[in-house]
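Remarks on the structure that follows.
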Amino acid sequence: MSKTDSDIDNLFLPNLCGIRPVFFVVLIAELFAFFLALAPMDIPAIQHWYNLGLISLFVQWCALASCSILCLFRPYLARFSNITAGIISYIIILSVIAIITELTYYFIYAKSTTLYPSDWHLHFFLRNIAIGAILTGPVLRYFYIQNQWRRNVRAETEARVQALQSRIRPHFLFNSMNTIASLTRSNPEKAEMAVENLADLFRVSLSDARKQVSLEEELELCHRYIEIEQLRLGDRLKIKWDLDVPDNAQVPALLLQPLLENAIYHGIESQTEGGSIEIKGQLENKQIKFTLTNSLPDNGTRQRQHGNQLAQENVRERLTALYAHRGKLEINENDGLYKVTLEFPYERPNQAKIHENFDR
């Protein structure tokens, strides 16, 4: 992430080119227009609705114009501290209100000077500025609080994800080292391959938790992990791949590997005769769907389910943190088969960053 990107992420002001922030501003503005139009009690009911139309038009012009200008100047505001950026944003919004107030007066009210007192222009101007100043402060404060909350949640999520990525089960490490040691003399080439695969797994587990990789890289890591386990389990471990997914899709690192490790440790390894794992992947309606199905042993169900829970909950939390309702993980056990299904949106390179800026 460049310094400019980091500055923009730290700015309290959301991306007012995005749909959600603009919708929030428009909604607040319209609610305030209702309040201004319906509050007076000394005018006929029909006049309330006439005033609501004029006030809504004026307020929405101010709101949308302010959003457009703040969106345009957001990269420049990011160079300042949040306090300074807040003051500048406050001045920009009041300036927009002042300009639209003057334009409204000259195009609508200036032609009917006989209907209004001589000092009505000044009163109209000061009234709009005062109302804008009172309303803008809480809105900017809300954006600041929301930004602080978002940063705290992001820091907590990244710490949790980093803990997951740094966690390689001790039994896997010990078993891998014993396998390598046994192959050192009998088959040095396989031992070297196992060392390289193990090094790749550690490299990914110690990388930045925020880093995303291509689906091709994640699947390659899964293949390396399976190669290590097949050196130990031999013919007891059978893998069937059925993939029809785009290789360039961006996914969080170590998304599939922990689920494969789970299937082998709690399903295949505990069976004397071994078992099989089937991995299906497909693209449906811009959603990538993976299904991992493994056979189960006849006994030890409770212990197996308890052991499965931690890794699966961690993966589920990562999907929720990254994709909200668009990412999910489901579990189904039936007829001696344990099935894990996960879904997440198909995001091309750099699309994840664009989407994040769009929602902010």
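Here are the numbers:
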read-out: Residue 65 being at pLDDT 85 or above and within 27 Å of residue 127 (Cβ to Cβ); value: yes
read-out: Exclusive hit being at pLDDT below 90, within 29 Å of the chain's Cα centre (by Cα) and more than 14 Å from residue 294 (Cα to Cα), set 253, 249; value: 253
read-out: The listed residue being farther than 18 Å from residue 249 by Cα, surrounded by 15 or more Cβ atoms within 10 Å (Cβ to Cβ), in contact with a Phe, Trp or Tyr (Cβ under 9 Å, 6 or more places away or on another chain) and modelled with pLDDT of 80 or more, out of 337, 296; value: 296
read-out: Some residue of region 156-171 being surrounded by fewer than 16 Cβ atoms within 10 Å (Cβ to Cβ), in the same structural domain as residue 253 (by TED's automatic domain parsing), within 29 Å of residue 320 (Cα to Cα) and at pLDDT 80 or above; value: no
read-out: Residue in region 223-239 that is in the same structural domain as residue 293 (by TED's automatic domain parsing), of a type in the set (A, V, I, L, M) and part of a loop (DSSP other than H, G, I, E, B) present; value: no
read-out: Among the candidates 288, 180, residue that is β-branched (Val, Ile, Thr) and over 22 Å from the mean Cα position of the chain (by Cα); value: 180
read-out: Cβ pairs under 7 Å, 6+ apart, first in region 315-333 and aromatic (Phe, Trp, Tyr), second part of a strand (DSSP E or B); value: 323/344; 323/345
read-out: Near pairs, Cβ below 6 angstrom, 6+ apart or cross-chain, from region 180-200 (over 14 Å from residue 226 (Cβ atoms) and in a helix (DSSP H, G or I)) to any residue that is modelled with pLDDT of 80 or more and of a type outside the set (A, V, I, L, M, F, W, C); value: 183/190; 191/184
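The values are calculated or read from the model by the stated rules, or taken from the named source; none is laboratory data. Just so it is clear, the structure is predicted and the values come from calculations on it, not from any experiment. Because the Cβ atoms are built from the backbone with ideal geometry, glycine has one as well, and the counts that use them run over all protein chains shown.
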